[in-house]
1. What strands (runs of 3 or more DSSP E), lying completely within the range 11-75, carry at least 2 residues that are of a type in the set (D, E, K, R), surrounded by 13 or more Cβ atoms within 10 Å (Cβ to Cβ) and modelled with pLDDT of 95 or more?
2. Search the range 1-10 for residues being within 10 Å of residue 58 (Cα to Cα) and out of contact with any Lys or Arg (no Cβ under 8 Å at 6 or more places or on another chain), and hand back the single one that is surrounded by the fewest Cβ atoms within 10 Å (Cβ to Cβ).
Amino acid sequence: MLRYFFDIRDGTGLYPDEEGLEFPDQRSAEMEAARTLGELARDFAALDDRHDVAIEVRTGDGPVFKAAFIFETRHPRQ
């Protein structure tokens, strides 16, 4: 199993994952990133000051992939 680190990036900065999680393959890590990204997006959606959020996934060898959720509005909330 390989250890994947899920660093969180939002409008305020980068929050590195110091512990990581072990997964048997990259697909499993991608599914975890998507699940976590959905939870973060749901939490941010309730805020007045919404930020785009990304999960930058890496192993000990370096970056592997990035998953992002972008908040974009064409009309201001009323």
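The values are calculated or read from the model by the stated rules, or taken from the named source; none is laboratory data. Values in this document were obtained by computation on a predicted structure and should not be read as measured data. Note that we place each Cβ from the backbone using ideal geometry, even for glycine, and neighbour counts take in every protein chain shown.
1. Values: elements: 13-15, 21-23, 53-59, 62-69.
Filter on the range 11-75 gives 53-59.
2. Pass one, the range 1-10, residues within 10 Å of residue 58 (Cα to Cα): 3-7.
Checking the rest, the ones that are also out of contact with any Lys or Arg (no Cβ under 8 Å at 6 or more places or on another chain) come to 3, 6.
On the way: 3: 14, 6: 20.
So the residue we want is 3.
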